[in-house]
Amino acid sequence: MAERRMFSKQIIDSDFFLDLPLSAQALYFHLSMRADDEGFVNSPKRIQRLIGASEDDFRLLELKRYILTFDSGVIVIKHWKIHNYIQKDRFKETLCVEEKSTLALDEKNAYIEAEKVPCIQDVSNMDTQYSIVKNSIVKNSIVKEPQKRFTPPTLEEVKAYCQERNNSVDAERFINYYTSNGWQVGKTKMKDWKAAVRTWERSGYNNEQKPNNKANDKAMENCNKLLKQFEKKKQNGIA
């Protein structure tokens, strides 16, 4: 496995990245330094604890789409292939084969969930980054992500997703809250209700809390703030 890691100024010098807290930036650099040759990290929480980063730092990187997370606990650096080019004789394939199989590359050569883009080039089946004609292949093969129309989930769908994630989010409260405000995140129409569920989960906004206590209100405020940032980035085509 290659020992050196590089970072593209296109990503780390952007205002969007520099607006992150320094602790979140540091966590991003540490995760990137310890990723394998395809950008996967199988112990992100250990690295988070090792450097003293908070759960909020990790959550910001996820919501702002600098990292993509998997139910297995593995994460991948979204812009890994923009940051790094590793020579074939030093390259070692990732052991996170199952997670890799769910990803594809967008037109900017960044990782994206394959299910979001029809007919997109599958990372698992493509020749690796060493093809001489790589750039032309990617440009000709990748289809831009279409704009999806948001459809509010049913109570059963939210319950099923919460059970799948084994969290304590109250599905009925979740539905009632967003139905009452027209499925808005701030002034923006919601685009990904599953991301909202994960934010409630990480923020501790669950059925163990009383709906009107101050801690719960603060958690909801944080949820909406982070989700608004997430939706804004998706609108700008960065996520």
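The values are calculated or read from the model by the stated rules, or taken from the named source; none is laboratory data. None of these values were measured; they are calculated from a predicted model. Methodologically, a virtual Cβ is constructed for each residue, glycine included, from the backbone with ideal geometry; neighbour enumeration extends over all protein chains shown.
Select from the range 177-191 the residues that are β-branched (Val, Ile, Thr) and surrounded by 12 or more Cβ atoms within 10 Å (Cβ to Cβ) and list them in ascending order.
Passing the criteria: VAL185, THR188.
Within the range 139-225, which helices (runs of 4 or more DSSP H) (wholly inside it) include 3 or more residues that are under 30 Å from LEU105 (Cβ atoms) and modelled with pLDDT of 85 or more?
155-165, 193-203
Please go through the range 1-57 and pick out each residue that is hydrophobic (A, V, I, L, M, F, W, C), more than 19 Å from the chain's Cα centre (by Cα) and either part of a loop (DSSP other than H, G, I, E, B) or assigned by TED's automatic domain parsing to the domain that holds GLU201 (or both).
MET1, ALA2, MET6, listed by residue number.
Residue under question is LEU68, and the condition is that it be in a strand (DSSP E or B), closer than 28 Å to TRP200 by Cβ and at pLDDT 90 or above; does it hold?
When the stated conditions are applied, LEU68 passes them.
Return the residues of the range 46-61 that are surrounded by fewer than 20 Cβ atoms within 10 Å (Cβ to Cβ) and either among the acidic types (Asp, Glu) or in contact with a strand residue (DSSP E or B) (Cβ under 9 Å, 6 or more places away or on another chain) (or both); say none if nothing qualifies.
Hits for the range 46-61 are ILE47, GLU55, ASP56.
Pull up the range 166-176, narrow it to residues that are surrounded by 13 or more Cβ atoms within 10 Å (Cβ to Cβ) and either charged (D, E, K, R) or within 15 Å of ALA195 (Cβ to Cβ) (or both), then point me to the one that is farthest from the chain's Cα centre (by Cα).
ARG173
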